[in-house]
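The values are calculated or read from the model by the stated rules, or taken from the named source; none is laboratory data. Nothing here was measured: the structure is a model prediction, and the numbers come from that model. SASA here: full protein model, heavy atoms, side chains in, ligands and nucleic acids out. Shrake-Rupley method; radii C 1.70, N 1.55, O 1.52, S 1.80 Å.
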Amino acid sequence: MKKFYVLLGSLCAAFLVFIVVKSQQPDADEIARYQAILCFVLRQPHPPHDSAQLQANMHQIQQGSIPDYAFKQPEFREALANQWIQAYLSLSEAAQIQAQQSYEQCTVALADHR
């Protein structure tokens, strides 16, 4: 009987770890939102070309899009933003220019990195 409780406790602990890890992973909507934020930043008149400034602009856009009175203020996921920034910076110069033209062209240019 003792082995049963140890096994049950181990399963509960493993399930709890799984739930915590899964809740930390971005879902498809969040991934698409960060892509949209990057595409918005890139379509500005003089978009930055270094990752630090791109990340700062993405953070500013993300924080500015959420009202102060919102019950849940989502945190800015630097790792997810950096994944999209690195995907953009890894594009050729022609593809980067294309990505800056419109949202649709930006999503097409970054489609392989999703």
**OP:** Just tell me which lysines come within less than 27 Å, Cα to Cα, of Lys72; anything on the same chain fewer than 8 places away is out.
**Re:** Lys22
Original post:
Between the helical axis of 2-24 and the dominant principal axis of the chain, each derived from Cα atoms, what acute angle in degrees is found, rounded to the nearest 10?
Top reply: 10
**OP:** Express the relative contact order of the chain as a whole percentage, based on alpha carbon pairs under 8 Å and six or more residues apart in sequence.
**Re:** 27
Original post:
Round to a whole number: what % of the accessible area of the chain belongs to carbon and sulfur, probe 1.4 Å?
Top reply: 60
Original post:
For the stretch 1-88, treating each Cα as an identical point scatterer without solvent, what Debye log10 I(q)/I(0) comes out at q = 0.13 1/Å?
Top reply: -0.56
Original post:
Per residue, how much accessible area does the chain show when a 1.4 Å probe rolls over the protein heavy atoms, in square angstrom?
Top reply: 70
